[in-house]
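So the structure is just underneath, and the comments pick up after that.
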Amino acid sequence: MKQKPLRVPIALKRNPYEVVIGGLGIEGIGNELRSIGFNSNCKVLIVSNEEVAEHYGNKLIRSLEENGFKASLLIIKAGESQKNQKSIGLIHDAAYKERIERNSLMIALGGGVIGDMTGFAAATWLRGIPIVQVPTTLLAMVDASIGGKTGVNHPKGKNLVGAFHQPKLVIIDPTTLKSLPEREFRAGMSEVIKYGVIGDIKLFNLLESLPSLNSLKGIRMDLIEKIIEYSVITKARVVEQDELEAGIRAILNYGHTFGHVVETLCGYGVWLHGEAVAIGMHTVGLLALNRGSWSWSDLSRQQALINKANLPFTWPVMQSAKILEILQGDKKVRNGKLRFVIPKGIGSVEIIDNVSEEEINNLIEKINR
């Protein structure tokens, strides 16, 4: 008998929904959809990749069909390199073929790439149809599936094309992590560490207390669920205050500004998103140290968790001019000014826009040694 799921409300004014953690998981999706008002005979287009669908596709379809839904499955190639407008076209083509209507539904079954693409396709099909997120990676569970950010990459930058489109429901089945490659698990742990630094000392302390963060095998399932719960709650509280990233929500980009540079210049998929974020967190941590915003002790504690998760923190060799070019094209630039999320201490960050080009050049010179 599975325990009752944990339900975390995302209390948005216009589009509230729940994140459901544990319980029946994928097997209970059909019942969950009916409980929030989706009717029998509703058409559902599931978007996934081959590996995830092989493990969980039939289980999801069975849960839907047992509850009267008409489900079809579209397989998209896996990987960050597929996160482009061509893939969105494939989803739109499938939606047309399956006669997906405004009262139909798309389900994203997979990691952050599948979630972002399916969410964007749903936002733009018939000017917007419902989307349900079913994340199967740690990174997607704690971050990408929550908050309504959808989109694809542009050759000049990550996630430059997209829309805000909140899901109707997020179903997190922690047992799907058992089929997740260890490298992907470690990448997801990077986002968990981020939540500890930006606003949850209790989560940070929990991570410090664990002997290892680099594999699911070294962490009890009840603690994995606790880690997911703390992370989801932290993100929920931020998103509720700032749905469209007009202000405080930008703190969720901690480590991402430099991380996106790594992803863009190295080529999408060379570094996993979470790996690039770990590099970015270390880099912005050095920036904060240089500015006197936090202590060497705090930087060392962050670094210890990055090491415990066996994540990278040193930069690949890059040209300074190219790094600055990508930074200037980042989505977080406002009125020509670069904005950085920098830590003030464990559990506290601030957004600044007064970092000089000289500071950045000095930092780049230091990290490139």
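Rule-based calculations on the coordinates, nothing more; no lab input. Remember, it's a predicted structure, so these values are computed and weren't measured experimentally. With ideal geometry, Cβ positions are generated from the backbone for all residues, glycine too; neighbour counts draw on all protein chains shown.
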## Note on the structure
Pseudo-spin-label distance N39 to Q241, built 7 Å along Cα→Cβ, given in nm, is 4.1
### Query
How do the peptides 345-351, 315-321 rank, highest first, by the average count of neighbouring beta carbon atoms within 10 Å per residue?
345-351, 315-321
### Summary
Measuring from the longest principal axis of the C-alpha atoms of the chain, the long axis of helix 85-97 (C-alpha) lies at a number of degrees, nearest 10, equal to 10
### In degrees, nearest ten, helix 221-241 long axis to first principal axis of the chain (Cα)
80
### Task
Kindly state, as a whole number, the per residue volume in cubic angstrom of the convex hull around the alpha carbon atoms of region 182-367.
109
### Task
For region 114-120, just list the computed ³J(HN,Hα) in residue order, Karplus coefficients 6.51, -1.76 and 1.60, θ = phi - 60°, integers in Hz, with x standing in for Gly and Pro.
4, x, 5, 5, 5, x, 5
### Summary
Between T175 and L223, the two model label points (7 Å from Cα along the beta-carbon direction) sit apart by a distance in nm of 2.2
### Message
If every alpha-carbon in region 1-82 counts as one equal scatterer, what log10 I(q)/I(0) does Debye give at q = 0.15 1/Å?
### Response
-0.67
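If R₀ is 51 angstrom, what is the calculated FRET efficiency for the pair H55 and K322, using the beta carbon separation as r and rounding to 0.05?
0.85
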### Query
What is the helix-to-structure angle for 357-367, meaning the angle in degrees between its Cα long axis and the longest Cα principal axis of the chain, kept from 0 to 90 and rounded to the nearest 10?
90
### Message
Compute and list, largest first, the equivalent-ellipsoid semi-axes of region 6-179 from the alpha carbon gyration tensor, each √(5λ) rounded to a whole angstrom.
### Response
21, 18, 17
### Task
Using only the Cα atoms, work out Rg/Rh for region 239-291, with Rh taken as the Kirkwood radius, to two decimals.
1.06
#### Entry: Cα-based shape type of region 202-286, given that a ≥ b ≥ c are square roots of the gyration tensor eigenvalues and the cut on a/c is 1.5
oblate
### Query
If you bin the C-alpha pair distances of the chain every 20 Å from 0, what whole percents do you get?
31, 58, 11, 0
### Query
For E359, E184, E191, what ranking results if the residue with the fewest other Cβ atoms within 10 Å of its Cβ goes first?
E359, E184, E191
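Past the 21 angstrom mark, what percentage of all C-alpha to C-alpha distances in region 106-245 do you count?
Percent of Cα pairs beyond 21 Å in region 106-245: 42.
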